[in-house]
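Here is the structure we will look at, set down as structure tokens.
Derivation of every value follows stated rules applied to the coordinates shown; laboratory data play no part. Since we're looking at a predicted model, the values are computed, not measured. As a convention, Cβ positions derive from the backbone with ideal geometry for all residues, glycine included, and neighbour counts pool all protein chains shown.
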Amino acid sequence: MASFATEELFITTEAQRTLLAEVRRLAARCAARAEAHDRAASFPHANFAELRTLGLPALCVPEAYGGRGGGVLDMVLTQVELARGDGATALCLGWHQSLIGKVAETQSWPEAVFAALCRDSVARGALINSIASEEATGSPSRGGAPGTTATPLPDGSWRLDGRKLYSTGAPTLDYFLVLASIAGGGRGWFLVPKGMPGLRIEETWDTMGMRASGSHDTVYTDVRLPAAAFVESAVASKAAGNNRSGGAGWNLHVPATYIGVARAAADFAIDYARRRQPNSLQQPIVTLPQVQATLGEMEQTLLVALTTLYAWARAWDAAGPEERGRLAPGVGGVKSHVTNAALRVVDLAMRVVGAAGLWRKHPLERYYRDVRAGLHHPPMDDAAFAALARAAAEEEFSAGERQ
């Protein structure tokens, strides 16, 4: 391990230590397969077979349903380590973990439906992702109404029609949680098991980064769903109780994934600097003051970003519902800070390695491409800053009224 082991400051249980040791071994095996899948934009099914064998889909499933009952800190520790091996695999798993954790916290689904999903994740490693983005609307976080429609039928069932982008992990998902406009008004989330007639995956994913994430389009044509498939209104109030924060802390899997990619880049750069010795030098380039300065900035950036990420995750786990409502705006700020730090770390690693970092035989060029996808997950920087500004202004106003 090259970079400073910041996680050691936050591990509090032997269960966490054992889990991370297992994930590190899995990450090393994922790393060995990553280049081939990146080149072919193919999906790493073997990685998911292994993580299912380890029981990772059950990490954040509540203990009441047979899971490990992991919190946000358990999730982000795992995500960082797995992303050091393969960012695409970590991204797919992270969406599952965050959705399970968020619904468990907010209790926003019918209990029987959520219990069945959780038990399936425990029994066979079933995976789920929320499928929301569309070409016309972009990210739903910007407020656009989905073009995908859910039409209620006379017998209480539903008909689902539409097309979604960015269905990350589509080749291995067991459930698709689809955001749709409801005919007659409103929006809602609908649970669609794989294999449903009318559901198909179009293999459209051909991008610069995260090429092995299988984030293909999914198409829904006259998909008939039972009444119970409507699991949550998309405009439900978050004003009180467990739902006040919307479970925002679980979104920290995104920055965890990208700072994990950055740690892999830092590890590579440090190892390269130790080994690289051009014939103009008597010692490896790691001894050069300018290289040491760049490595030092890289490590400092990682240290601050990881400490921020882990500390916010631990604070979320320790907080009650009211406190989480106050912490929620900060989650976007952490996401922005950590993902931008990840980009900076990879850029610094490129400066250390030089032109050799552009060669596809080295993993650094893949890290350089993959880490840039972090900017495009909501909240984007401007939205994160706006939320923090509103929260600060409201706090200032409230403080003034108390005086």
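Take 222, 86 and order them by how many other Cβ atoms sit within 10 Å, fewest up front.
With the sparsest Cβ surroundings first, the list reads 222, 86.
For residue 283, what is the net charge nearby, where nearby means another residue's Cβ is under 11 Å from its Cβ and Lys, Arg count +1, Asp, Glu -1?
My count for the surroundings of residue 283 gives +2.
State the extension gain, in nm to one decimal, for the chain segment bounded by residue 14 and residue 282, taking 0.36 nm per residue of separation less the distance between their alpha-carbons.
Full extension from residue 14 to residue 282 adds 92.0 nm.
For region 250-403, what D do you get in µm² per second when you plug the Kirkwood radius from alpha-carbon pairs into Stokes-Einstein at 10 °C and 1.306 mPa s?
Here the translational diffusion coefficient equals 92 µm²/s.
In what sequence do 298, 210 fall when counting other Cβ within 10 Å, fewest first? Walk me through the numbers on the way to the answer.
Numbers: 298 24, 210 29.
By the 10 Å Cβ count, ascending: 298, 210.
Using per-residue counts of other Cβ atoms within 10 Å, averaged over each peptide, order 113-125, 166-178, 263-275 from highest down. Don't jump to the answer; show the numbers that get you there.
On the way: 113-125: 18.3, 166-178: 22.9, 263-275: 21.2.
Ranking, from highest mean packing down: 166-178, 263-275, 113-125.
Once the other residues with Cβ under 11 Å from the Cβ of residue 344 are scored (Lys, Arg +1; Asp, Glu -1), what is the net sum?
-1
Let me know the Kirkwood hydrodynamic radius for the chain, please, with Cα pairs as the basis and the value in Å to one decimal.
Roughly 22.0 Å, rounded to one decimal.
Could you work out the local net charge near residue 370, counting Lys and Arg as +1, Asp and Glu as -1, over the other residues with Cβ closer than 14 Å to its Cβ? Could the numbers behind the result be given before it?
Values: positive: 39, 84, 211, 263, 360, 366, 369, 372; negative: 35, 38, 86, 347, 365.
Net local charge, residue 370 excluded: +3.
Taking only Cα atoms, what is the 0 to 90° angle, nearest 10, from helix 381-402's long axis to the longest principal axis of the chain?
Once rounded, the angle reads 70 degrees.
Please report the Cα spread of region 131-233 along all three principal axes, rounded to whole Å, starting with the longest.
Largest first, region 131-233 extends 45, 30, 19 Å along its Cα principal axes.
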